[in-house]
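The values are calculated or read from the model by the stated rules, or taken from the named source; none is laboratory data. These figures come from a predicted structure and were not determined experimentally. Glycine also receives a Cβ, built like all others from the backbone with ideal geometry; neighbour counts cover every protein chain displayed.
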Amino acid sequence: MQILQPPSWARPRGYSNGVATSGQLIFISGQIGWDEQCQFQTNDFVGQARQALENIIAILAEADGKPEHITRLTWYVVDKREYLDNGRALGEVYREVIGKHYPAMTAVQVTALMEDAARVEIEATAVIPQP
């Protein structure tokens, strides 16, 4: 995977501006903070983000993918302040689940998610290299 970083640009923290790669494309629909039985175990933003990321990793594993194969994440949050105020804890959870791999990322505040109890939804794109 090649990180695309114009040399004169400031290096981003916690994400990449662009990624180039080739292989099998994997598209993972938006995952929210509920478990495999569609039950929320917490109303906490960071806890729900952890679960959503774990859900992404579980789905990716079905295609023999690993966290380092993720090329793009899109985060939909219902409260921008909640996202920004939890940056440090969110970063810790991210590194625990994904590791020190920072794909292209976008975060967007939305008015609501389809599940009323959901605080965050994360969708992913991954590319598994061809052998």
Original post:
Which of the following residues is at positive phi and surrounded by 15 or more Cβ atoms within 10 Å (Cβ to Cβ): 30, 65, 47, 23?
Top reply: 23
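Give me the residue from the range 114-131 that is under 13 Å from residue 77 (Cβ atoms) and in a strand (DSSP E or B) and, out of that set, farthest from the chain's Cα centre (by Cα).
Step one: filter the range 114-131 for residues under 13 Å from residue 77 (Cβ atoms), giving 118-123.
Add one more test, that the residue is in a strand (DSSP E or B), and what stays is 120-123.
Details: 120: 10, 121: 9, 122: 5, 123: 6 Å.
So the residue we want is 120.
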Subject >> Of all residues in the range 59-70 being in contact with a strand residue (DSSP E or B) (Cβ under 9 Å, 6 or more places away or on another chain) and aliphatic (A, V, I, L, M), the one that is farthest from residue 21 (Cα to Cα) >> reply: 59
Original post:
Of all the helices (runs of 4 or more DSSP H) wholly in the range 2-113, which have at least 1 residues that are closer than 25 Å to residue 128 by Cα?
Top reply: 45-61, 87-97
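Looking only at residues in the range 105-131 that are modelled with pLDDT under 95 and more than 13 Å from residue 67 (Cα to Cα), which one is surrounded by the most Cβ atoms within 10 Å (Cβ to Cβ)? Talk me through it step by step, then tell me what you get.
Taking the range 105-131 as the starting set, the residues that turn out to be modelled with pLDDT under 95 are 129-131.
With the extra rule that they be more than 13 Å from residue 67 (Cα to Cα), the set shrinks to 130-131.
On the way: 130: 7, 131: 4.
By that ranking, first place goes to 130.
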Subject >> Near pairs, Cβ below 6 angstrom, 6+ apart or cross-chain, from the range 105-118 (touching a residue at least 40 places away in the same chain (Cβ under 8 Å)) to any residue that is surrounded by 13 or more Cβ atoms within 10 Å (Cβ to Cβ) and not in a strand (DSSP E or B) >> reply: 105/15
